[in-house]
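Report on the structure given below.
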Amino acid sequence: ELHEWTLDALRQGLDVVRLKGGDPFLYGRGAEEIEVFRKAGFAVEVVPGISSCLAAPLAAGIAVTTRGVADQLFVATGHGMHDTVPREIAPYAPGRTTVYLMSVSRMDSLMARLRQTGFPEATPVAVVERATTVHQRVLRGTVADIAARCKAEAVQSPATIVVGRAASALEHSAFSGDLPSSQSSCSKYVLGRGAVFAP
């Protein structure tokens, strides 16, 4: 239906922008949409986006890779075919951070599968709800208890799940949020890559 609306607008000579949160090619069906419009004879321009698998942890003060903590990053969806948890779960590795997208409604079954696959019950987990918005919340727990915590706090989509030691490595020194009042007049150190913009 969405494709038909979009094709109708294009046939009328209009420019169409399909704005998605994050990376349109990471579980975003971007490739499928490009195929539809190219087959219909329309040019497609893609504007790269930053996936929530990286942006959400960053907004919550979680470094998905940190020397001595995690040197691998694995990204998966918890939303398998026919509304099931994917059959193949990456095995536990102490130095790996695993980020699950589109998974919060399947927390119970996902955490059960992780335990069955060999994840220790004490493995840290952070859930970042509505990342980068004024409504952002971060819940922390373990593979054993995070599902119950999310249920008790009524966590809803969109939420990003971060599993592994990186989820708690900077918990008490998070780099997002306000400075203590005693430091509020301090200069700020801004860390980033790419272009630098002066205020």
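Structural remarks
- Qualifying residue in region 115-128 (condition: at pLDDT below 95, in contact with a strand residue (DSSP E or B) (Cβ under 7 Å, 6 or more places away or on another chain) and either of a type in the set (Val, Ile, Thr) or over 22 Å from THR66 (Cβ atoms) (or both)): no
- Here is the figure for region 15-51: residues that are free of Cβ contacts under 8 Å to residues at least 60 places away in the same chain, open to solvent by less than 100 Å² (accessible area, probe 1.4 Å), under 30 Å from THR132 (Cβ atoms) and not in a helix (DSSP H, G or I) total 10.
The values are calculated or read from the model by the stated rules, or taken from the named source; none is laboratory data. What you are looking at is a predicted structure, and each value in this text was computed from that prediction instead of being measured. We place every Cβ from the backbone using ideal geometry, glycine too, and count neighbours over all the protein chains shown. Just the protein is used for accessible areas: all its heavy atoms, side chains included, with ligands, DNA and RNA removed. Shrake-Rupley method; radii C 1.70, N 1.55, O 1.52, S 1.80 Å.
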